[in-house]
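Each remark here refers to the structure printed beneath this line.
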Amino acid sequence: MFSRGEIQSELSKVLADLFDLSPEKITPGARLKEDLDLDSIDAVDLMARLQQYTGKRIPSAEFKSVRTVNDVVDKIYNGLAAGA
């Protein structure tokens, strides 16, 4: 199982790599759409990479409510904890 810090770190790397974002922009409170300029297609790409990282399928419905980087970390962490 991954810690929240490990998930945050991997998420930051994925966001920086996939979307060419500067690490300074990727903060826990950064809003995915407004601050990081991610759209729904980007969200699908992000979910695919996170599924590779966790080895678990992440239902797209789970991500409809995420708005910030921290929301993504929480969803992944809680999803892994529930499946443990």
>> When you check Ala61 against the structure, is it more than 18 Å from Glu6 (Cα to Cα), outside any loop (DSSP other than H, G, I, E, B) and of a type outside the set (S, T, N, Q), yes or no?
In response: yes
>> Which count do you get for residues in segment 64-84 that are buried (at least 17 other Cβ atoms within 10 Å of the Cβ) and either modelled with pLDDT of 95 or more or not in a loop (DSSP other than H, G, I, E, B) (or both)?
In response: 8
> When segment 1-46 is examined, which residues are found to be among the aliphatic types (A, V, I, L, M), in a loop (DSSP other than H, G, I, E, B), surrounded by 14 or more Cβ atoms within 10 Å (Cβ to Cβ) and out of contact with any Ser or Thr (no Cβ under 8 Å at 6 or more places or on another chain)?
Replying inline: Leu21, Leu36, Leu38
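The values are calculated or read from the model by the stated rules, or taken from the named source; none is laboratory data. Keep in mind it's a predicted model, so treat the numbers as computed, not measured. Note that each Cβ is placed from the backbone with ideal geometry, even for glycine, and that neighbours are counted across all protein chains shown.
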